[in-house]
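Structure first, commentary second.
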Amino acid sequence: MSKLESWLSTSVGKRLDPDGHYGLQCVDAVDHYGEFIFGVPWSQSVGGVRGAKDLLGVAPDKYWIRIDYFHGFVPQRGDVLVYGGDSSNEWGHTAVVESADGIGINVIQQDGFAAPHQFVDGNWYSSKPAHRARLAYAGRGYGALAGVLRPRPELIGSDINYQSATPTPQEDELSAAEVNEILVGVDSRLKNQLAKADERQRDHEEATRAYVRDRINDLGTTVLDGTQAQEDVTRQYLHDRIKQYSPAEIVALIPDGIAQKVLDELAERIGKTNG
Ligand SMILES: [Ca+2]
């Protein structure tokens, strides 16, 4: 069983309080989750925040894939939800996904506002342990889903077995429908992003840097010294990783800063094929 599955099957009913203060908060559950699946203290694997809504900007790229919410996005098992808060809760909310559909999301969470309460650190805070709940994509008391943090699959004991991978080189082909879905998704994201380009400029640059760093790491892996068989296995592993994502997820993973370039390149290739 992966560490992710192990956490999901053992955390309900536990008092998760890795920071040791302010009772049992929603962020405590996610900090505990990060420590558990990565084996790294939450201060490094998740990062300190004033409120849950700040997690998207703080959680390190090294451990998490940040996916900002877009219309039609459905989280997957193991994602960490980050809600932006509302007038009744300025801190936002966070929880770990068990399952999701287009209407709601089943989570394991703690809730800093939930009864029963305990008196600690000079005030009353929640003492309700980790529990299951169903959240909406936007709801009173936690606001709208701002995005998710997806644990990097290569860090949490995925099921891919290097030894048994069959080195059969394949081309990464996308169907015309998949290409179209990606184009439409990227295009709609660009329109959204242009509207708030200024405030998000810094995020774009960071995402682009992270993307370039990852590609360089991938390239480094493929030119490992060694036998042809090793290289083929590595290539197959990267291929399998790409195939784990749906077109919608690929869209979400493309940094905004290079989205236009991707569109241009795809348009050029399609133009050449059709011309
Ligand atoms: Ca706490």
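The values are calculated or read from the model by the stated rules, or taken from the named source; none is laboratory data. Worth saying up front: this structure is predicted, and the values here are computed from it rather than measured. Note: ideal-geometry Cβ built from the backbone for every residue, glycine included; neighbour counts use all protein chains shown.
Some points to look at:
- Any hit, the stretch 84-93, residues being part of a strand (DSSP E or B), crowded, with 20+ Cβ neighbours inside 10 Å, in the same structural domain as residue 31 (by TED's automatic domain parsing) and within 16 Å of the ligand (Cβ to nearest atom): yes
- Condition check for residue 72: surrounded by 21 or more Cβ atoms within 10 Å (Cβ to Cβ), in contact (Cβ under 8 Å) with a residue 24 or more places away in the chain and on the phi > 0 side of the Ramachandran plot: no
- Elements of type helices (runs of 4 or more DSSP H) contained in the stretch 1-82, each with 1 or more residues being within 16 Å of the ligand (Cβ to nearest atom): 26-38, 42-45, 55-58
- Any chance residue 18 is surrounded by 15 or more Cβ atoms within 10 Å (Cβ to Cβ), over 13 Å from residue 80 (Cβ atoms) and not small (Gly, Ala, Ser): yes
- Residue 114 meets the stated requirement of being free of Cβ contacts under 8 Å to residues at least 60 places away in the same chain and within 16 Å of residue 28 (Cα to Cα).
- Restricting attention to the stretch 21-54, the residues that are in contact with a His (Cβ under 6 Å, 6 or more places away or on another chain) and surrounded by fewer than 20 Cβ atoms within 10 Å (Cβ to Cβ) total 0.
- Residues satisfying the stated conditions in the stretch 116-136, i.e. more than 16 Å from the ligand (Cβ to nearest atom) and either β-branched (Val, Ile, Thr) or surrounded by fewer than 18 Cβ atoms within 10 Å (Cβ to Cβ) (or both): 132, 133, 134, 136
- Search result, residues across the stretch 86-139 that are among the small types (Gly, Ala, Ser) and over 25 Å from the mean Cα position of the chain (by Cα): 87, 88, 114, 115, 122, 126, 127
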